[in-house]
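Accompanying notes for the structure given below.
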Amino acid sequence: MKIAEYGKTADGRQITSYTLSGGAGAELEVLDYGGKVRRLSVPDRAGVCENVAMSLDFSKPGFGGSLIGRYANRIAGGKFTVDGVDYAVPTNIAPDGLPALLHGGPTGFHEKIWSARPIVAADGEALELKLTSPDGEGGFPGNLSVTCVYTFTRNNTWRIEWTATADKATPVNFTHHVYFNLSGEARRPISDEVVTLVADGYTPTGAGQITTGEIAPVAGTDFDFTSPQTVGSRKAGQYDHNWVLRSQDGSLALAAVCEDPGSGRRLETWTTEKGMQFYAGFALNENLKDQFGRTLFPFAGCAFETQAHPDSVNKPAWPDTILRPGQVFASTTEYRFGCF
């Protein structure tokens, strides 16, 4: 594994880069700063390795390309109740004038320097990232100890394995917010990529982009990706929603397939999670830059964010997202790269 000094954060913290090797020249370069992805180079159908991962400008605070926690996606009003105790966390978005916590807020995992070290993995190179979030940080209860292991296998699978424990009951919902563009350096809009989602339902949203509590069937709607669909062929590609995955038993199961006809690259997303936010990147624009300082554009990348359903902490009928003392939170997601 290649290890190098990368630079410093805006407030002077040292950042280290780790490069994991896969097969056929593939590489995954990540930072201990937020677990951010700088480069994920995989071969196309001609064997040419190019970067297919997009993060947002590392010099500015942001979620794109990072580990996300303590609570991914939204918590309505920044409020929740655990065992009869009401909690309020700082809100950082307010669409339609309705405030919410997004992706753990400004003190979330994306802005932390994680303790990192290479570890042994049977099928590739692995990096262990560890973090302790103290009781009360970001308004959340409990000391939360988190470990995230990145493995890049010899057959070009990027595996993300989370574990966590807490000394008080606390909401937990983790994800990774990297964007993908399988065209590589061509940087074609992903609206022309073909996506399949292994999901028969989705969670509709209302005012403030907050989930209503309903699980609606995708059949007969523009949200039906159970057969392959070009991203931009419906709804003008304006997808930023959570799908309820077909697999709900916690086993590692296929959640999504994305194919780029031009390069022949194929990405499969596998996860133990029950939900996945598919964001097609339609709101990316020229006011934003990527990790290399390049200007962005609509559909510059798409995200497959495996997670619990948004605002589950306030939806009693949905799967429980409270981690309690004595329990171990565990979640695995794999991004499997290949060609067709």
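The values are calculated or read from the model by the stated rules, or taken from the named source; none is laboratory data. Note that the structure is predicted; figures quoted are calculated from it, not measured. FYI the Cβ positions are ideal-geometry reconstructions off the backbone, even for glycines, and counts take in every protein chain you see. These accessible areas exclude ligands, DNA and RNA; they are computed on the full protein's heavy atoms, side chains included. Shrake-Rupley method; radii C 1.70, N 1.55, O 1.52, S 1.80 Å.
Odds and ends about this structure:
- Filtering region 307-340 to residues that are surrounded by fewer than 15 Cβ atoms within 10 Å (Cβ to Cβ), of a type in the set (G, A, S) and not in a strand (DSSP E or B) leaves A317, G326.
- Single match in F282, F297, F304, F278 (criterion: surrounded by fewer than 20 Cβ atoms within 10 Å (Cβ to Cβ), among the aromatic types (F, W, Y) and closer than 25 Å to G34 by Cα): F297
- Criterion violated by W270 - all others in (1) in a loop (DSSP other than H, G, I, E, B); (2) within 18 Å of W158 (Cβ to Cβ); (3) not aliphatic (A, V, I, L, M) satisfied: (1)
- Looking only at residues of region 145-170 that are of a type outside the set (S, T, N, Q), surrounded by 24 or more Cβ atoms within 10 Å (Cβ to Cβ) and more than 16 Å from the chain's Cα centre (by Cα), we find that the one that is farthest from A26 (Cα to Cα) is A166.
- Among (1) in contact with a His (Cβ under 7 Å, 6 or more places away or on another chain); (2) without any contact (Cβ under 8 Å) to a residue 40 or more places away in the chain; (3) polar (S, T, N, Q) - the single one T91 does not satisfy: (1)
- Note on region 77-115: residues that are open to solvent by 30 Å² or more (accessible area, probe 1.4 Å) and part of a strand (DSSP E or B) amount to 9.
- E128 meets the conditions (1) under 26 Å from V42 (Cα atoms); (2) touching a residue at least 60 places away in the same chain (Cβ under 8 Å); (3) touching a Pro at 6+ places or on another chain (Cβ under 8 Å) in every case but one. The failed one is (2).
- Among the residues of region 228-249, those that are open to solvent by 50 Å² or more (accessible area, probe 1.4 Å) and part of a loop (DSSP other than H, G, I, E, B) comprise P228, Q238, R246, Q248, D249.
- For region 15-65, the tally of residues that are among the hydrophobic types (A, V, I, L, M, F, W, C), assigned to a loop (DSSP other than H, G, I, E, B), open to solvent by 20 Å² or more (accessible area, probe 1.4 Å) and farther than 30 Å from G105 by Cα stands at 3.
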